Amino acid sequence: MLYKLLEIARQGFPCLFHLLTGYYCPGCGGTRAIRYLFHGEIWKSIQYHPLVFYMAAVAVAEVLRLAGDLVKKRPVGYKKRHEMLVWIGVAIILANWGIKNYMLAVKGIDLLP
């Protein structure tokens, strides 16, 4: 029993939404995308879930911007920018979810091998 649980953990836990419905949830592919991003395979990471790369890029850009603001002693103004970045992230999630499920349901193409 423990051996089977360890085997599942090594392969990655399956998405319960996908197991029950046959369709992808909005987060499907995220764990694999993180793994590929850490291994430097950016295109595969984007293929599995583009939000992961977007979040990494935004995090780097925001840290650099904050550092620049602190060095130049400018006030840190971020409310409008952060709201826009969040809405872009939501749009990426919805587009990714819609495209993957459309391709699976209508075209019969599984984009997450």
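The values are calculated or read from the model by the stated rules, or taken from the named source; none is laboratory data. As the structure is a computational prediction, the values presented were derived from the model and not from experiment. Note that each Cβ is placed from the backbone with ideal geometry, even for glycine, and that neighbours are counted across all protein chains shown. The protein model used for the area step is the full one, side chains on, heavy atoms only, and it has no ligands, DNA or RNA in it. Shrake-Rupley method; radii C 1.70, N 1.55, O 1.52, S 1.80 Å.
As a fraction of the 1.4 Å probe accessible area of the chain, surface on carbon and sulfur atoms comes out at 72 percent. State whether the range 26-106 is rounded, prolate or oblate according to the following rule on the C-alpha gyration tensor (a ≥ b ≥ c being the square roots of its eigenvalues): a/c under 1.5 gives rounded; otherwise a/b larger than b/c gives prolate, and the remaining case gives oblate. Oblate.
Per residue, the chain exposes 76 Å² of solvent-accessible protein surface, assessed with a 1.4 angstrom probe and all protein chains in place. Rounded to the nearest 10 degrees, the inclination of helix 50-71 to the longest alpha-carbon principal axis of the chain is 20 degrees. Helix content alone sets the calculated 222 nm mean residue ellipticity of the chain: runs of n ≥ 4 DSSP H residues at -39500 (n - 2.57) each, divided across all residues, give -22000 deg cm²/dmol. Between the listed residues 70, 59, 82, the Cα displaced farthest toward the positive end of the dipole of the chain, a dipole computed from Cβ unit charges relative to the Cα centre, is found at 70.
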